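Here the structure comes first, spelled out in structure tokens, and everything after it is commentary.
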Amino acid sequence: MKKIIITGSNGQLGRAIDKLYSSESEYEFVRTDYNVPGFTDLNIADLDSVLSICREVRPYAIINCAALTNVDGCEVQKDAAYKINALGPRNMAIAASETGAKLVHISTDYVFAGDAQSPYTEFDSPAPKAMYGITKLAGENFVRQFCDRFFMIRTAWLYGDGKNFVRTMLRLAGDHKEVSVVNDQIGSPTSAYELARAIFTLIGGENYGLFHGTCEGQCSWADFTKEIFRLAGADTVVNPVTSRQYKEMNPASADRPAYSVLENYMLKLTGSYEFADWEKAIRDFAEDEGFISI
């Protein structure tokens, strides 16, 4: 049985992987997280700890789902952001290289400036603006530096079992007659379950390298909210606002990319996996979560 170490197991992607693949006889998961009861404790920012568990387990693969994803928090917790988003991937890459494991590392659309006119491919040059993207790009570079057998997947607007935009909007719909949502930031809402399927399509082969992995299609946050409310049968009104207006209402918020649509170009070129359209994926999620009413 192939052992796979999963970091950040209590997060949305970790839970999606567990739900979809925990019953597979081919794999045995070693579920790790930091200070979370029920999981093997692992601080990915501590190289000695990472090396210790990898030497003990001798994994077939490591899936690094752990990250500091609080975009605003990264601006004020720069040291923590670098430790988790940059040193963490470095440590996993060093351990993977030493033990002969494949490494799956999850990155983000925030490595791009967000000022493109068409979807970013894997061949476009990163230019992050926010600290979250800066530290995640540093993590990407460390993976390349210290590991040869890696699958690096950039994703965006992820939702699944956990704290996310979808659940926040559903909660607000429960006690608000209207909500204000940004309509000039464009991206691709992506189901954690779709991303998990893509990972396990790649992990059994040798098609290493950088991939973009998001659901197909694009929309604004306001459009995404309208679709969530439509599926849920909520009559809450969505008031579209600009990023500038949102910034005025929330001065401490970090800048977000205006256009961060990713094209899954390498997946298409290699025929590896085709993500579902974002509208189908959110409908499937609504059915799975039981909040669909249409």
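Quick notes on this one:
- With K and R counted +1 and D and E -1, the other residues having a Cβ less than 14 Å from that of ARG58 yield a net charge of +1.
- Per residue, the Cα convex hull of the chain amounts to 129 Å³.
- For LEU158, the shell of other residues with beta-carbons less than 14 Å away shows a net charge of +3, using +1 for Lys and Arg and -1 for Asp and Glu.
- For region 49-124, the Stokes-Einstein estimate of translational diffusion at 37 °C and a viscosity of 0.692 mPa s comes to 231 µm²/s, using the Kirkwood hydrodynamic radius over alpha-carbon pairs.
- Using θ = phi - 60° and Karplus 6.51 cos²θ - 1.76 cosθ + 1.60, couplings along region 176-181 (whole Hz; Gly, Pro as x): 10, 7, 8, 9, 9, 9
- Once backbone amide H atoms are built at 1.01 Å from N, ALA66 has THR7, GLY8 as its partners under 5 Å, excluding neighbours fewer than 5 places away on the same chain.
- For GLN218, residues with placed amide H under 5 Å, excluding near neighbours: none
- Calculated [222 nm] ellipticity per residue, helices only, for the chain: -12000 deg cm²/dmol; basis is -39500 (n - 2.57) per DSSP H run with n ≥ 4, divided by all residues, nearest 500.
- Amide H contacts for VAL30 (H built 1.01 Å from N in the peptide plane; partners 5 or more residues away or on another chain; cut-off under 5 Å): ILE4, ILE5, ILE6.
- Rounded if a/c under 1.5, otherwise prolate or oblate - region 1-70, Cα gyration tensor axes: oblate
- Angle in degrees between helix 278-289 and the longest Cα principal axis of the chain, rounded to the nearest 10: 80 degrees
- Rounded to 10°, Cα long-axis angle of helix 47-57 versus longest principal axis of the chain: 70 degrees
- Under Karplus coefficients 6.51, -1.76 and 1.60, residue-wise ³J(HN,Hα) of region 260-266 in Hz, glycine/proline x: 10, 5, 9, 9, 7, 5, 5
- Here ASP235, ASP284 are placed in order of increasing Cβ neighbour count within 10 Å, fewest first, which gives ASP235, ASP284.
- At 1.567 mPa s and 4 °C, Stokes diffusion of region 75-181 via Kirkwood alpha-carbon radius, µm² per second: 82 µm²/s
- Model label points for ILE294 and SER25, set 7 angstrom from Cα along the Cα-to-Cβ axis, are 4.3 nm apart.
- Partners of LYS83 within straight-line reach, counting aspartates and glutamates whose Cα lies under 19 Å from its Cα and excluding those fewer than 8 residues away in the same chain: ASP33, ASP41, ASP46, ASP48, ASP72, GLU75, GLU140.
- Of all DSSP-defined beta bridges confined to the chain, some 5% are antiparallel rather than parallel.
- Using θ = phi - 60° in the Karplus curve 6.51 cos²θ - 1.76 cosθ + 1.60, the 3J(HN,Hα) couplings for region 223-235 round to 5, 4, 5, 4, 5, 4, 5, 4, 5, 7, x, 7, 9 Hz; x is entered for Gly and Pro.
- Cα gyration tensor, region 240-294 - rounded (a/c under 1.5), prolate or oblate: oblate
- Taking Cα atoms only, the orientation of helix 88-99 departs from the longest principal axis of the chain by about 30 degrees.
- Checking the Cα-Cα distances for LYS247/LYS280; LYS78/LYS247; LYS136/LYS177; LYS129/LYS247; LYS163/LYS247 against a 26 Å cut-off, the pairs over it are LYS247/LYS280; LYS136/LYS177.
- A simple count of charges around GLU98, restricted to other residues whose Cβ falls under 15 Å of its Cβ and scoring Lys, Arg +1 and Asp, Glu -1, yields +2.
- Cross-link partners for LYS2 among the lysines, with Cα-Cα distance under 24 Å and sequence neighbours closer than 8 places in the same chain left out: LYS19, LYS102.
- Tensor-based shape of region 170-277 (alpha-carbon gyration tensor, a/c under 1.5 rounded, otherwise prolate or oblate): prolate
Values quoted throughout were computed directly from the atomic coordinates according to the rules given, and no laboratory measurement underlies them. Just so it is clear, the model here is predicted, and its values are computed rather than measured. When we count neighbours, we look across all protein chains shown, and the Cβ atoms used for this are built from the backbone with ideal geometry, even at glycine.
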